[in-house]
Amino acid sequence: SQIQEVGTGSLHITTNGTQITIDKGTTESMANFKIDGAVELFYDNSKTFETTSYGAKVTGRLAATTSFTGSDNVKLKLGDSDDLQIYHDGSNSHIEEGGTGSLLIKSDAVNLGSTSGEYYFRGFENAGVQLRFDNSTKLETVTGGVYVYGQLVFGVGTSDDLFGGDNNKIILGSGSDFQLFHDGTNSFITNTTGDFLLRNSAGNEIKIQAVSGEQSIIANANGSVDLYYD
């Protein structure tokens with residue numbers, strides 16, 4: 001059976017009732033067109049799509065063969081209270097967690113990088129986290145702590161210091177030969193291999209002073225040593 005409009009006009013189906021329905025006999029709904037209300041589409045007698053006052057509602061999964069598109073500031077909102085929002089504002093793209101929880105990004109490996117393939121950040125399950133510069137790893141967490149590839153610079157600000165607790169040591173040398181630490185009572189500079197050399201390459205004096213600044217020993221650039229009392 002066919003209903004055709006073969007002219008140049010339109011085919012109108014109208015009703016003065018409450019809705020227009022398309023059913024498979026009396027056993028299965030296919031579509032409902034409600035007056036001043038929703039348009040409902042069914043699959044195997046289950047409603048999967050309906051229009052609403054705010055747009056449309058899909059029951060189940062929404063799939064696309066190419067892409068989903070939206071204009072600037074049109075947001076993808078998820079959560080009962082629109083907690084997660086994804087959108088582009090015309091200049092920048094945003095992923096926002098606006099609820100009371102946290103924003104979680106989960107994967108066995110998490111990579112943050114540019115469209116050219118350069119990585120800024122890499123994180124691996126049961127392994128390390130890498131921070132990179134110009135696609136080269138500069139800081140990496142390891143089993144024993146943190147590796148720094150290159151220089152470690154601190155004190156960029158006027159009040160920035162490098163802190164360590166009692167018995168936390170600065171250790172240098174492949175055999176942990178040089179150690180600098182405080183044990184809670186005294187401070188130590190310990191060398192376990194070779195000679196301990198204290199040099200001033202500028203050709204000036206090396207001074208050992210009390211906290212007050214009072215002189216105790218001065219090693220002069222010419223090799224002489226001055227010893228002080230009071």
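At-a-glance table
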{"read-out": "Three-way shape label, the range 34-76, alpha-carbon gyration tensor, a/c 1.5", "value": "oblate"}
{"read-out": "K106 paired with H88, simple spin-label distance in nm, labels 7 Å along Cα-to-beta-carbon", "value": "2.9"}
{"read-out": "Label-point separation, E214 to V74 (7 Å along Cα→Cβ), nm", "value": "8.0"}
{"read-out": "Extension gain, S201 back to T66 (0.36 nm per residue minus Cα-Cα distance, nm)", "value": "41.8 nm"}
{"read-out": "Carbon + sulfur, % of accessible area of the range 78-230 - ligands and nucleic acids excluded, 1.4 Å", "value": "50"}
{"read-out": "Chymotrypsin sites (Phe, Trp or Tyr not before Pro) restricted to DSSP loop in the range 79-166 with at most 10 other C-beta within 10 Å", "value": "F154, F163"}
{"read-out": "T52/N135 FRET efficiency (R0 45 Å; Cβ-Cβ; nearest 0.05)", "value": "0.40"}
{"read-out": "Most mobile of D177, D89, D160 in a GNM of the chain (Cα contacts under 10 Å)", "value": "D177"}
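The values are calculated or read from the model by the stated rules, or taken from the named source; none is laboratory data. No experiment lies behind these values; they were computed from the predicted model shown. We place every Cβ from the backbone using ideal geometry, glycine too, and count neighbours over all the protein chains shown. Each accessible area value is taken on the protein alone, full model and side chains, heavy atoms only, with ligands, DNA and RNA left out. Shrake-Rupley method; radii C 1.70, N 1.55, O 1.52, S 1.80 Å.
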